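**Q** What follows is a structure written as structure tokens; I'll ask about it next.
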Amino acid sequence: MPVIVRGVTRRGDFGIDGTDAIIEFDGMSKYSGGSATVDPSAVRRALLEEKARQSDLEDAGKETARVVWADLDHPSVIKAKVDRAIARAGLRRRSA
């Protein structure tokens, strides 16, 4: 589900067919680079890149359901997050 915004290709982790909603999985490995030690500058860079990508996806009309590891034990929580993102996407589309 690539989206091109201001000449940059952005992708959500999972697109939801037939909607403008996406699922983003927020793991922690991107903040540590997969190593046991955490480089504060790498954390800042990862956060800034994530925020820029999120903003670009929103500018392209996408609504996001953010899922974390703990949610995987609670499918109803994931479903509720996805349902809310789909509803927001529908509202955005109708108001455009």
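**Q** What do you get for the angle between helix 40-59 and the principal long axis of the chain? Use alpha-carbon atoms, 0 to 90 degrees, nearest ten.
**A** Once rounded, one gets 10 degrees.
**Q** So with the 1.4 Å probe, I'd like the accessible area per residue for the chain, rounded to whole Å².
**A** Averaged over the residues of the chain, the accessible area is 66 Å².
**Q** Dipole of the chain, Cα-centred, from +1 at each Lys and Arg C-beta and -1 at each Asp and Glu C-beta, to the nearest 20 debye?
**A** For the chain, the charge dipole is close to 320 debye.
**Q** Roughly how many nanometres apart are two label points built 7 Å out from the Cα toward the Cβ at D59 and A80?
**A** Each label point is offset 7 Å from its Cα along the Cβ direction, giving 3.3 nm.
**Q** Suppose the Debye formula is applied to equal point scatterers at every Cα of the chain; what is log10 I(q)/I(0) at q = 0.14, 0.17, 0.22 Å⁻¹?
**A** At q = 0.14, 0.17, 0.22 Å⁻¹ the computed log10 ratios are -0.59, -0.82, -1.15.
**Q** Counting only pairs 8 or more places apart or on different chains, how many lysine pairs in the chain have C-alpha atoms closer than 22 Å?
**A** Within the chain, the lysine pair count is 5.
**Q** Helix-only mean residue ellipticity at 222 nm, the chain, DSSP H runs n ≥ 4 weighted -39,500 (n - 2.57), per residue, nearest 500. What is it?
**A** -15500 deg cm²/dmol
**Q** Between the helical axis of 75-95 and the dominant principal axis of the chain, each derived from Cα atoms, what acute angle in degrees is found, rounded to the nearest 10?
**A** It works out to around 50 degrees.
The values are calculated or read from the model by the stated rules, or taken from the named source; none is laboratory data. In this text, all values refer to a predicted model and were calculated from it rather than measured experimentally. A quick note on method: Cβ atoms are made from the backbone with ideal geometry, for glycine too, and the neighbour counts reach across all protein chains shown. Each accessible area value is taken on the protein alone, full model and side chains, heavy atoms only, with ligands, DNA and RNA left out. Shrake-Rupley method; radii C 1.70, N 1.55, O 1.52, S 1.80 Å.
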